[in-house]
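Participant: Questions regarding the structure given below will be posed in turn.
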Amino acid sequence: MAEGLYTTAALLGIVAAVMWVAERVRLPMPILLVVAGIALALLPWVPRIELDAEFVMIALLPPLIYFAAFSMSWQAFRANLRPILLLAIGCVIFTTVAVAAAGHWMIGLPLGIAFMLGAIVSPPDVVAPLAVAERLGMPRRITAILEGEGLVNDATALILFKFALVAILTGELSLVTATRDFVLVLIGETVWGAIVGYCVLRLRHYAREPRIEVMLSLMTPYLAFWPPHALGGSGVLATVVAGLYTGWAGVALIRSNTRLQALFFWDIVNTVITGMIFLLTGLQARTVAAGLDGAVLRQLLLDGIFISIVVIVVRFLWVFPATYLPRWLVPSIAARDPAPAWRFPFIIAFTGVRGVVSLAAALSVPVAIATNVAFPGRDRVLVITFTVIVVTLVAQGLTLPFVVRKLGLDRLGCEERKERKLREANARLETARAGLDRLAGVIAEHRIADDLLKPWRSRQEQRIAQLAHARDPDDEGLAQARSLNRVELALISAERERLNALLREEQISDEIRRRIERDLDLDEERLRRNARGIVADD
């Protein structure tokens, strides 16, 4: 028990160190964590750490999927539903079949094992590419499609994987039955996820206690994931639906104090789990290679490189026709959504990095079919899967920034970002004006003397003037808006210094200091967010 705690603490320390390095060398954190994990696994004095596939599936995966779905814009998901489904369902099935054919005919895997391998390596992981996309500021539609695909494709792949595994273990597989079960799983998980999201969100609203609400939010992904997973589904789609619904409907039902605490809590949970998973992925290098002699391992690594090339090429073969064919065949789609420039489908096809879901699926393959009967080809599947993850993560992940810049997508994203800042500034201005307009109604409703509200009116008018200047980066008043922002931050800094002095002089207690400090923290964070979101980049 103690050894496990020490190991966990050491891994957390490594994750923090790698994250610190990643920020300074401006490389995606997941890639560096996997490389660090492989490097540690090769050191003889580092203990062997095996990733429990079931633990990943039922304990670590649900909160990651839920938070990603909660954070994604429902508006963006709905607007890009067609390309998302074409990738998350169509491309996953296409990749599974293509890898199965290549694995069977080119490297000699039995057909059932080859199909299972195809299902394992078919879903791209979106964490590493999105980390690069957000840093480079790629166009929002590309990131929305990749994010939506990453949410749904795991469900498709895990369902196909379970079908293949059952077929290998039982020796029977009916295509009609598999198709029917696939459709039923999709419908059933969608309904279950919506039910869980609806019920838990109402419970959180009635609880009216931030700590209880945060605990209920932590329970949500597991309530959505566990029942479908136990019944033979994936659980992923139900978790995605619950997260999307909570993010969409929670605007009206989650109170501000709960939202502040919950977002901070979930940000920490997501960071810790993501970091640990990618580090543990790299540490599996020793587990994957255990018991294999050098010649066999080299051949399996070559097979893994071949399958990596197959999954990369197959994604290109799917994405371009899936982008343009529907528009050629259905004129209404082309009229509603004109065909994008070739750079858009190219970068979507290029971001086919595989990740932890593939590794967890491979590790979950049973060691034996029956007593004293080993599962055929398990070692081959493990090594090939691990190779595909490393090759795609390093080769595609590290070259993605170069490809994005070469295609000029960073410039397009920069233009979009300026437009979004303008829209945000306009929205802030409209909401501020709405608050000022409401003052007259408040005076009449509560019979407050107008003199008492003069400071509030002046403050709101000043804020409106500041927001109006901030909309136009060429406006001469922008410098004044920035200066006012800095002045407010300086005032908060002075208040904080005096607060700490009062504590040292024992004129106030720690409890009083914490309450006042929290208000100052909220004001300071608001001002810093305004400086980043409204004021133009220097």
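Participant: Assuming R0 = 30 Å, what is the FRET efficiency of residue 269 and residue 514, from their Cβ-Cβ distance, to the nearest 0.05?
Facilitator: Values: r = 24 Å, r/R0 = 0.78.
Efficiency for this residue pair is about 0.80.
Participant: Test of understanding: what is the full-extension gain from residue 453 to residue 42, defined as 0.36 nm times their sequence separation minus their Cα-Cα distance?
Facilitator: Extra length available between residue 453 and residue 42 comes to 141.1 nm.
Participant: For the chain, what % of the accessible area comes from carbon and sulfur atoms, probe 1.4 Å? Write out the running numbers ahead of the final one.
Facilitator: Values: 17620 of 27390 Å².
Carbon and sulfur together cover 64 percent of it.
Participant: Could you report segment 1-127's accessible area per residue, 1.4 Å probe, as an integer in Å²?
Facilitator: Ligands and nucleic acids excluded, the result is 48 Å² per residue.
Participant: Quick one: Cα centre-to-centre distance for segment 73-91 and segment 354-431, in angstrom?
Facilitator: Value for the Cα centre distance between the two parts: 16 Å.
Participant: Within the chain, what's the longest run with no GluC sites (Glu not before Pro) in a DSSP loop and at most 15 other beta-carbon atoms within 10 Å? Give the range, please.
Facilitator: By the stated rule (loop sites, at most 15 other Cβ atoms within 10 Å), 173-475.
Participant: Using alpha-carbon positions, what is the distance between the centroids of segment 1-45 and segment 113-182, in Å?
Facilitator: What the calculation gives is 27 Å, centre to centre.
Participant: Based on C-alpha coordinates, I'd like the Rg and Dmax of segment 210-348, in Å.
Facilitator: Rg and Dmax of segment 210-348, Cα atoms, are 22.3, 61 Å.
Participant: Chymotrypsin sites (Phe, Trp or Tyr not before Pro), restricted to segment 7-90: which are DSSP loop and have at most 16 other Cβ atoms within 10 Å? Write down the numbers at each step before the final one.
Facilitator: Details: sites: 20, 45, 55, 66, 67, 70, 74, 77; in loops: 45.
Hits after loop and neighbour filter: 45.
Participant: Cα-based Rg (one decimal) and Dmax (whole number) for the chain, in Å?
Facilitator: 26.5, 88
Participant: Be a star and scan segment 12-29 for residues whose amide nitrogen sits under 15 Å from the point 7 Å along the Cα-to-Cβ vector of residue 71.
Facilitator: 28-29
Participant: Can you tally the net charge around residue 296? Count Lys and Arg as +1, Asp and Glu as -1, for every other residue whose Cβ sits under 13 Å from the Cβ of residue 296.
Facilitator: -1
Participant: Expected output is a single nm value to one decimal: the length gained when fully extending between residue 218 and residue 330, i.e. 0.36 nm times separation in residues minus the C-alpha distance. What is it?
Facilitator: Details: separation 112, 0.36 × 112 = 40.32 nm, distance 4.32 nm.
Working it through step by step, the gained length comes to 36.0 nm.
Participant: At 1.4 Å probe radius, can you tell me the per residue accessible area of segment 146-222 in Å²?
Facilitator: Each residue of segment 146-222 exposes 49 Å² on average to a 1.4 Å probe.
Participant: Another question about this same structure. In 5 Å bins starting at 0, how do the alpha-carbon pair distances of segment 182-265 split up by percent?
Facilitator: It works out to 3, 17, 27, 22, 14, 9, 6, 2, 0, in whole percents.
Participant: Of all the C-alpha pairs in segment 297-454, what % are more than 25 Å from each other?
Facilitator: Pairs farther apart than 25 Å: 62 percent.
Participant: On to the next question. Using the Kirkwood radius over Cα pairs, work out the Stokes-Einstein diffusion coefficient for segment 392-438 at 10 °C and 1.306 mPa s, in µm²/s as a whole number.
Facilitator: Diffusion coefficient, whole number: 119 µm²/s.
Participant: Moving on. How large is the accessible surface per residue of segment 261-316, computed with a 1.4 Å probe and reported in Å² as a whole number?
Facilitator: Averaged over the residues of segment 261-316, the accessible area is 42 Å².
Participant: Which trypsin sites (Lys or Arg not before Pro) in segment 1-103 pass both tests, a DSSP loop state and at most 14 other beta-carbon atoms within 10 Å?
Facilitator: Passing sites in segment 1-103 are 26, 48.
Participant: Here's another thing I want to ask about it. For segment 74-197, what does the alpha-carbon gyration tensor say about shape, rounded, prolate or oblate, given a ≥ b ≥ c as the root eigenvalues, a/c under 1.5 as rounded, and a/b over b/c as prolate?
Facilitator: On the way: a/c = 2.77, a/b = 1.45, b/c = 1.91.
It is oblate, given that a/c is not under 1.5 and a/b is not larger than b/c.
Participant: Okay, next question. At 24 angstrom or more along the helix axis (alpha-carbon based) and mean Kyte-Doolittle of 1.6 or higher, what helices does the chain contain? Whole DSSP H runs only.
Facilitator: 236-253
Participant: Where a ≥ b ≥ c are the square roots of the eigenvalues of the C-alpha gyration tensor, would you call segment 486-525 rounded, which needs a/c under 1.5, or, failing that, prolate if a/b is larger than b/c, or oblate?
Facilitator: Oblate, since a/c reaches 1.5 and b/c is not below a/b.
Participant: Is it possible to state the helix-based mean residue ellipticity at 222 nm for the chain, with each DSSP H run of 4+ residues giving -39500 (n - 2.57), the sum divided by total residues, to the nearest 500 deg cm²/dmol? What is it?
Facilitator: Computed mean residue ellipticity for the chain: -26500 deg cm²/dmol.
Participant: Name the long-range amide H neighbours of residue 354: under 5 Å, sequence gap of 5 or more, or other chain; modelled H, no Pro or chain starts.
Facilitator: Sorted by chain and number, the residues that satisfy this are 125, 392, 393.
The values are calculated or read from the model by the stated rules, or taken from the named source; none is laboratory data. Remember, it's a predicted structure, so these values are computed and weren't measured experimentally. Glycine also receives a Cβ, built like all others from the backbone with ideal geometry; neighbour counts cover every protein chain displayed. Surface areas here come from the heavy atoms of the whole protein model, side chains and all, with no ligands, DNA or RNA. Shrake-Rupley method; radii C 1.70, N 1.55, O 1.52, S 1.80 Å.
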